[in-house]
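Take a look at the structure below.
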Amino acid sequence: MQEVVVLGSGVAGLTAALSAAENGASVQVIEQADALGGTTAISGGVAWMPNNHLMDEHGLDDSNDQALRYLREVVGGEGDFQLLEIFVKEAREAALWIEELTPLQWEALPYPDYFPERDGGQLGYRSLEPLGWPVPEDIARQIRAAPNRAQEQGVLTMGRALIAGLLSAAIQRGVRFETGRRVTSLKELSDFSAVVLAMGGFERDSDLCSEYFGQVVPGPTGIPGLQGDGLTIAREVGADMGNMSEAWWCPSTARPGELIEGQQMFRLLLHERARPGCLMVDGRGERFMNESLNYNDAGRTLLGLPRLRPDGTVAWLIFDSEHRARYHFGTLRIDEPDPDWLVSSTSLEELEIQLDISPGQLTSTVEEFNVFAFQGVDERFHRGQSAYDRFIGDPTSSHPSLGKVCTGPFYAMPVIPGCLGTKGGPSTDQDGRVLSKGAPVPNLYAVGNAAANPLGNAYPGAGGTIGPHIVFSRRAGRSAARSGC
């Protein structure tokens, strides 16, 4: 019987483990943290699966050809279209496989692609979310908890539901688990036929980020411990590397004192910057982008701005008292007193002083923005023009994306460049086999953020991380189980 060791227990690791076990291997998962699930457990758990089996019931026609046309429109950099063709071809089958082998059921979301107006783009339902399900207590207590999120009682949702489904199915098929063990070399392992690297990326390692990005990423939203252990092992065998300068970029913010495993917790800024009645400015007090831009491109834009504070702040999200009273901001609730870390002033002129912006510049920027809001057309950055912009805004407002900022007090929330995870690592073939000088390294596989991502610099839609991870991890697990045959 094949012995397969999977290093990491996020969606990629558990999918590979389940697939290997399904194909007859004896499988062990080793996780460096004390709980299972990795960053997936604190995520939304959404998977971008074009032409999936649930789209028909929502009245949307999709096809593999349409999805590939879309990817050819949006993927740049080191994209690998040979792998992307496989992803598109197998996405529907892989989504069904999850439902067949695990207790999970998917729900198709009305979430537009991030570039829905591009050729092949869709206005919704390519993104699948795991439905909440009643998870047995012995399974639930093994899974990483999402910090400061109300913990589900019996029924798990989002990323924890996805992890629970995969974990339950893997245990049922005899997969063994070891937690609290960090592996940084193949020499630490023995008695195995194949190893699958699935321990995530390197966004928490300042040296690696400086080497490949030219700077430290100040606001990583994933879990601590993502220090490139898979990269270390891949270098050990002389692996080819790919897509090393890319990550799943995003704007983030930090609430002082909100910690994850003793380190600062960073939260993705998504709807907060897209709703009517707010705008984003740089250190000069000027707008510099469409605030509703997809978070990958928005985060990449932020990386190019100069730092304004030691915590990594490069921009400010500006809003007024009406906006503050209407919308929650992450864990900051509307009925909560204004915290000390949220900059506020009775006037825009005073806010300029606090933010060290030249007198009159912020006021001028807000005045121009208010004209655009009144017109319902953003003449400078076209915010609200895309169906994606309008979807992540506020559909209950008279304009889902644009609204005036005019009622004091005024607020400024710090905006920090962040990422959901890195996208570079060892290059792999269609079965996840690590390549060295173009040839497979015997018995070594890489999946998820521990591998070079075929999407290059693109983020096609909600769940663009998890969708391909499921497809290629399933393939890698199957191949690893058969590696000695």
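Some notes on this structure:
- Only the Cβ atoms of Lys and Arg (+1) and of Asp and Glu (-1) were treated as charged; on that basis the dipole of the chain about its Cα centre amounts to roughly 760 debye.
- Taken over the alpha carbons of region 250-417 as equal point scatterers, the Debye sum produces base-10 log I(q)/I(0) values at 0.12, 0.13, 0.15, 0.19 Å⁻¹ of -0.48, -0.57, -0.78, -1.33.
- Kirkwood Rh and Cα Rg combined as Rg over Rh, evaluated for region 121-252: 1.00
- Taking other C-beta atoms within 10 angstrom as a stand-in for reagent exposure, ASP61, ASP282 fall in the order ASP61, ASP282, fewest first.
- Relative contact order for region 250-417: 36 percent, from Cα pairs under 8 Å spaced at least 6 residues apart, divided by residue count.
- Per-residue HN-Hα couplings for region 187-192 [Karplus 6.51, -1.76, 1.60; θ = phi - 60°; Hz; x = Gly/Pro]: 5, 7, 10, 8, 6, 9
- Derived scalar couplings between HN and Hα for region 342-354 equal 8, 5, 8, 8, 6, 9, 5, 5, 5, 5, 4, 5, 5 Hz in order, rounded to whole Hz, by the Karplus curve 6.51 cos²θ - 1.76 cosθ + 1.60 (θ = phi - 60°), x for Gly and Pro.
- Near-label residues of region 290-305 by backbone N, under 11 Å of a point 7 Å along Cα→Cβ of GLN215: 300-305
- For the chain, lysine pairs separated by 8 or more sequence positions, or belonging to different chains, with Cα-Cα distances below 27 Å total 4.
- In plain terms, the residue of ARG126, ARG173 with the fewest other Cβ atoms within 10 Å comes first and the most crowded comes last, giving ARG173, ARG126.
- Ranking of TYR327, TYR114, TYR445, TYR459 by count of other Cβ atoms within 10 Å, fewest first: TYR327, TYR114, TYR459, TYR445
- DSSP bridge orientation in the chain - percent antiparallel, rounded to nearest 5: 65 percent
No lab work stands behind these numbers, since they all come straight from the coordinates. Everything numeric here is computed off the predicted structure, so don't read it as measured data. As a convention, Cβ positions derive from the backbone with ideal geometry for all residues, glycine included, and neighbour counts pool all protein chains shown.
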